[in-house]
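The values are calculated or read from the model by the stated rules, or taken from the named source; none is laboratory data. Note that this is a predicted model, so its numbers are computed, not measured. Heads up, the Cβs are rebuilt from the backbone with ideal geometry, glycines too, and the neighbour counts pull from every protein chain shown. Side chains are part of the model used for accessible areas, which takes the heavy atoms of the whole protein and leaves out ligands, DNA and RNA. Shrake-Rupley method; radii C 1.70, N 1.55, O 1.52, S 1.80 Å.
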Amino acid sequence: MKALKSFSLLLLLAGVFMASPFKASADAAPGDVIVTLGENLTEEQKTTILKEMEVDPSVQTVSVSNEEEHQYLGDYMSKAQIGTRAISSAKITIAEEGAGLSVKTNNINHVTEEMYMNALTTAGVKDADILVTAPFDVSGTAALTGILKAYETTAQIEIPEKQKQVANEEMVKTAELGDRIGAEKASELMTKVKEEISQDPSISEAELKTLIQNTAKDLGIELTEEELNGLTSLFNRMKDLNIDWDQVQTQLKDIKDNLGEILNSEETKSFLQKVLDFFIAIIEAIKNLFK
């Protein structure tokens, strides 16, 4: 199970596109690749990462430092969580129009693929295949910061600081909530609330709070007062940004499909079947006792 995966890749990815629909650059085309590498990777590790990504060593790369990680995530994560080294890396491949989003991870241990995708929809990103990876288990904060730098450079877009902050906060809050209630539940809550907002972006703060409460209740989630207030504040700022909510609504389908695949995966079914078999065995044993 992919527990929580990386604290950052798609948060900065998220910040990258909040203001406008995804445009990598005037010359960007399906199949174009952007690679980001953590500054503290050794040369051997960089070679291994590029081989895993199946890209040529001469591919254009963007480096990201630990200082930059702290700059973008310091308001939402402790210094200990961010760490002292930038290791995680990412490969972003531009897909055909209408292909949707795809996120895969390797050795990323804090933010799930669904959390990444959620942040991307908030940002307005679409039609991209993303791989987040590292040579060993890491939080993944460097990857997100790297993607932000890559897109600002490649697309020649200056991302407003307010948009970056909302994107970062969304990912961190989802991951923290996932620590308590489970990654899939946290992602599902964020997806459903965002889906409702996309249908009515003019919703008031009071209505937004009620929406979050009711959505959580429907999912069997009991939010603390602190969590409820934090999510209300986050979504309230999010809906006031210049987000293309029609596009968000379309991209949310990818997240829901991904969550559905997890619930219907052979791994999940196998686990549930073992639990069911266990209880059947107990019932049979009790019946035999009475016989």
Worksheet item: Does Glu152 fit the bill of being under 18 Å from Glu69 (Cα atoms), surrounded by fewer than 24 Cβ atoms within 10 Å (Cβ to Cβ), modelled with pLDDT under 75 and out of contact with any strand residue (DSSP E or B) (no Cβ under 7 Å at 6 or more places or on another chain)?
Response: yes
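Just one of Val132, Val125 is hydrophobic (A, V, I, L, M, F, W, C), within 16 Å of the chain's Cα centre (by Cα), within 27 Å of Asp32 (Cβ to Cβ) and assigned to a loop (DSSP other than H, G, I, E, B); which is it? First the steps, then the outcome.
Details: Val132 fails: assigned to a loop (DSSP other than H, G, I, E, B).
Result of the check over Val132, Val125: Val125.
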Discussion item. Can you pull out every residue in region 39-62 that is at pLDDT 95 or above, more than 26 Å from the chain's Cα centre (by Cα) and either within 17 Å of Ala150 (Cα to Cα) or assigned to a loop (DSSP other than H, G, I, E, B) (or both)?
Written reply: Thr42
Discussion item. Out of everything in region 80-97 that is polar (S, T, N, Q) and in a strand (DSSP E or B), what residue ends up being least open to solvent (accessible area, probe 1.4 Å)?
Written reply: Ser89
Practice prompt. Report yes if some residue within region 104-117 is in a loop (DSSP other than H, G, I, E, B), under 27 Å from Phe235 (Cα atoms) and polar (S, T, N, Q); otherwise report no.
Written response: yes
Worksheet entry | region 41-62, subset out of contact with any Ser or Thr (no Cβ under 9 Å at 6 or more places or on another chain) and of a type in the set (Asp, Glu), residue least open to solvent (accessible area, probe 1.4 Å) | Asp56
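Considering only region 195-239, state which residues are touching a residue at least 60 places away in the same chain (Cβ under 8 Å) and either surrounded by fewer than 18 Cβ atoms within 10 Å (Cβ to Cβ) or over 18 Å from Ala167 (Cβ atoms) (or both).
Narrowing region 195-239 to residues touching a residue at least 60 places away in the same chain (Cβ under 8 Å): 234, 237-238.
Arg237 - this is the single residue of region 195-239 that is touching a residue at least 60 places away in the same chain (Cβ under 8 Å) and either surrounded by fewer than 18 Cβ atoms within 10 Å (Cβ to Cβ) or over 18 Å from Ala167 (Cβ atoms) (or both).
So, in region 63-79, of the ones that are of a type in the set (S, T, N, Q) and assigned to a loop (DSSP other than H, G, I, E, B), which residue ends up most open to solvent (accessible area, probe 1.4 Å)? Let's see the steps before the verdict.
Residues of region 63-79 of a type in the set (S, T, N, Q): 63, 65-66, 71, 78.
Now drop any that are not assigned to a loop (DSSP other than H, G, I, E, B), which leaves 65, 78.
Values: Ser65: 15, Ser78: 53 Å².
The residue in question is Ser78.
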Discussion item. Filter region 183-222 down to the residues that are at pLDDT below 95, of a type in the set (Gly, Ala, Ser), under 22 Å from the mean Cα position of the chain (by Cα) and farther than 26 Å from Gly74 by Cβ and list them by number.
Written reply: Ser198
